[in-house]
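Student: Structure provided below as structure tokens; questions to follow.
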Amino acid sequence: MALPKEPRQKMINLMYLVLTALLALNVSSEILNAFKVVDKSLVTSNDNINTANSTLYTSLKAKLSDPMTAEKAKPWYEKAEQAKKLSAELDGYINQLKKDLKAEAGAEMVEVEGKMVEQFKEDDLEAPTRLFGNGEGGKNQGEVLKNKLQDFRDKMLAIDPSIKKEFETSFPVEDLKNTKVIGQDGKEKDFTYAYFHMTPSVAALTLLSKFQNNVKNAENQVVTYCHNQVGAVKVVYDQFTALVGQSSNYVMPGDDLEITAGVGAYSKAAQPQISIAGSSMSLEADGRAVYKTKASGGGSRSVPVKVTYTKPDGTKETKDFEVKYTVGTPGGAAVMPDKMNVFYIGVDNPVTIGSPTGWDKTSVSMTNGAISGNGSNRIVKPANAPGQKAIITVVADKKPSTFEFRLKRIPDPIFKVGSGKVRMPAIEFKSQTACRAELENFDFELRYSIVSATVYFSGANFPSVKQAVIQGSNLASITSFINQCGPGSVITFDNVKVSGPDGSRTIDGKSIALY
């Protein structure tokens, strides 16, 4: 069989970032379940690394028995065994920490559907604090864990000078002596406080799995390096299959989603051709294609993946996959602008609605208006009830949430001629052929048209006040009066009627003094 490549550390770092973000939210059943999903993924990854490491050790042992490679293999086999021992010791210690943590959280065996299963208080915030903290009643295992992680890093890099040179800057287990731990508030924190203080027990278990994953990745890197100093494993490929994986099947808006596709064993002989989301992908050096996208909106999503490859017998095979994931919305916290939660009457008000459970389990309704559309992007059409309130209700997985908005009329547009100023050069005014109504500093792109207005001419050149009426925005009907105007004349537009998307209304006119 082929030797699997080590899991990419950046995927683990991504999981850890998602985990850290979740820790900032209130503990709900959905978040606890998300921790369990991440923990399960880490445990599966650890099992895969164990399988890869086992293959490497078997291959090294075979090279030790081969007279052609025995002399070269002996020192590197011994160094690999040192790495194996160090990893096993720390892995065993972390496994014991997991048992102790569950015990602190009240672990007990209960019967569920005829089977005995272990249950504990998953949202217990005190258990991790007691086990890892050094305060009153604390067992100080956080400091012990920190020291053991640091000791593991130091000893692994000390196995051989070339190993230290190769991995010192990229070693999966961080240098805790020289690395600052930054908390959610952006300030430097103590290791124990940052990771385990008032952390839900299920989240602390996930963190321990993350540390185990780092340890096993480190072991894999070192053992792979030892193996490569002797020579590559001879592998005969007798079966090919397409592989597709993703970094997560539940992401939050703004999180990264990474999809990996390739051919089993990453053999170049397979000549894979891969398309993801309809686009042909270039291949990494190991034969994989990596697709990245930003999660947005909310609800279920899917990405089509097609892999075509050459089989050992020379024939080509194509396999199609549908990578599915769910984009959730943050729960436990919300911010609403009290003075700006407004819907405007007479126009379409676009809104974005998030659902933490997917749209197949979500319904949306509204009072004092109508809401249309599907998914996260909706259109609100308020009732003609200025001064009243509209309430949008989002029911996600039978749990309702309500959001209140005020109903307001669109503000009056401003009547303008030319530059819109109340003082204007006579020559400028006399060159105008139309008037208009403009909405100023309003977020909607709306237009109002002039229906009619009464116009009064007074001041210089007008011994008595002259009155005229315009229909529409064109000033052609009052051209004779405009031509009489000069410096000192005053033109007043009154009883201005306009028409817009919300109907007709009368707005303030304007007096223009010429100079």
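Every read-out reported here was derived from the displayed coordinates using simple, explicitly stated rules and does not represent laboratory data. Values in this document were obtained by computation on a predicted structure and should not be read as measured data. Cβ placement follows ideal geometry from the backbone for every residue including glycine, while neighbour counts extend to all protein chains displayed.
Student: Per residue of the range 40-48, in order, report the coupling 6.51 cos²θ - 1.76 cosθ + 1.60 (Karplus, θ = phi - 60°) as ³J(HN,Hα) in whole Hz, putting x for Gly and Pro.
Tutor: Computed from phi, the couplings for the range 40-48 are 4, 5, 5, 4, 4, 4, 4, 4, 5 Hz.
Student: Moving on to the next point. Go through G373, G387, W359 and say which Cα lies farthest out towards the positive end of the charge dipole of the range 342-408; charges sit on Cβ, +1 for Lys and Arg, -1 for Asp and Glu.
Tutor: G387
Student: Determine, from the Cβ-Cβ distance of V395 and A70 and an R0 of 56 Å, the FRET efficiency 1/(1 + (r/R0)^6), rounded to the nearest 0.05. Walk me through the numbers before you get to the answer.
Tutor: On the way: r = 70 Å, r/R0 = 1.25.
Efficiency, rounded to the nearest 0.05: 0.20.
Student: Here is a further query. Could you give the length gained by full extension between V117 and K294, i.e. 0.36 nm per residue of separation minus their alpha carbon distance, to one decimal place?
Tutor: 59.9 nm
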